[in-house]
1. Which ones in region 63-79 are surrounded by 13 or more Cβ atoms within 10 Å (Cβ to Cβ) and under 30 Å from THR128 (Cα atoms)?
2. Residues of region 80-109 being in a strand (DSSP E or B) and surrounded by 12 or more Cβ atoms within 10 Å (Cβ to Cβ), which ones?
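Nothing in this text is a laboratory measurement; each read-out follows from the coordinates by a stated rule. None of the values given here were measured: they were computed from a predicted structure. As a convention, Cβ positions derive from the backbone with ideal geometry for all residues, glycine included, and neighbour counts pool all protein chains shown.
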Amino acid sequence: MKIPNRKHYPLTNQKGNSSCPRKTAKSTNTFLLEVLRRAMATKRVATKAKKRMTQSEVIDHFSETTGMKRAQVKEFFEELYNLAAREVKSNGEFVLPGLGKLVKSERRAREGRNPASGESIQIPAKTTLKFRVGRTMKDTILPKKGGTNAVDPGGTGGGEDE
């Protein structure tokens, strides 16, 4: 772990003054502990902010918004899964309107390197599954550089003529 410059992390003595004590083994250890404490505090905050929805929370959300029972919502997602799997196997892709599409992709054989020994190895061809995000979803989540979305997800129009 790279230790940042001390002027960004001033130490405090026991009286609470922010004067930096002389460089001793004890003050260095105190400094390291302070840096670690602050790093852990910022990680905890960042982790809480990026919590994703669980499967149960998604089912509850759809159950509440549609008025369907949880069992019916689970059945719907199971049927959507079966339909997607069947379509990708037979046609090579499955479109989820407004979200994107699942696409079956073929990777060709290629030559790679073993990172431990550096020797060349042959990587075989294989079939993979990709999800390509649709333009509408991409424009809604990732705004253009100008700061405005190209697509109005609220459907209010908002065109130049209005």
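1. Correct list: VAL73, LYS74, PHE76, PHE77.
2. Filtering region 80-109 for residues in a strand (DSSP E or B) gives 93-96, 100-107.
Passing the criteria: GLU93, PHE94, VAL95, LEU96, GLY100, LYS101, LEU102, VAL103, LYS104, SER105.
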